[in-house]
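One structure is given here, and the rest of the page talks about it.
Just so it is clear, none of the values below were taken in a lab; they were calculated from the coordinates. Quick caveat, the model's predicted, so the values are computed rather than measured. A quick note on method: Cβ atoms are made from the backbone with ideal geometry, for glycine too, and the neighbour counts reach across all protein chains shown.
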């Protein structure tokens, strides 16, 4: 196939009707390659760990007969990752944080990617939970194949240990009752008959007071809780129902997922879960709820 070379017209300013069309005298032959690279991204998960953004996903890259982008080391650049953090609204906020490559001559590439990025890498003072935007670009020489991801990133907190209920010991009810001693009998008088003897006084023993054992107060029982594994948050219930990957565990006071009016981030049911007003999917029952920042269940249903 020959690439079309357009003519060039030379205008004669002296004789206006004497314009001439000139064609290239060289026979240039170039291949027209309209193929583009392609790829897929699966199992995408993003979380905040110790103030850093952690991104995990599986990817595939296919050459599809297209022209590839060769780097200075002679390899082929295949995939680049671009991130826009939550709350960023300034002009062109995308940050290229990483790129992957493969050996020259390869037509496919795939693997499991894991990357951790600090706030300085993303150009912000600090990172917080919220909706993050991602672009995974499959790289070609002439054009890129871009896959976008919108993900609600949640801070991963250290799990609160479940308190162990210590049984209250039964107090020993040992008492020391006082003993009442029998009076000492008076001795039989001896001596001459008719002699007047002073009677021996009877000794009365005061009984010991009965001791009342102290009662140890019993501990308050541990509240009953039910854990639920939920997906990432999404702006609509439909998007939440499509995600079956558990990301975080929340807790409720009843066993029915939809019957809980308030969800908590700890098993002691003291800290309400800050849901941000988005939708989450219970991956075990395939039911969704909408949770606000106070942990309230503002709506839900079955996918």
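Sort 257, 44 by Cβ crowding within 10 Å, fewest neighbours at the top.
Details: 257 22, 44 19.
Taking fewest neighbouring Cβ atoms as first place, the list is 44, 257.
Taking label points 7 Å from Cα along the Cα-to-Cβ direction, residue 259 and residue 96 give a separation of 5.5 nm. The length gained by stretching the chain between residue 72 and residue 286 to full extension, at 0.36 nm per residue less their Cα-Cα distance, is 72.2 nm. Taking a ≥ b ≥ c as the square roots of the eigenvalues of the Cα gyration tensor, an a/c ratio of 1.5 or more together with a/b larger than b/c marks region 226-302 as prolate. Once the gyration tensor of the Cα atoms in region 38-153 is diagonalised, the equivalent ellipsoid follows with semi-axes of 27, 14, 13 Å, ordered largest first. Region 224-240 and region 67-136 have Cα centres separated by 28 Å.
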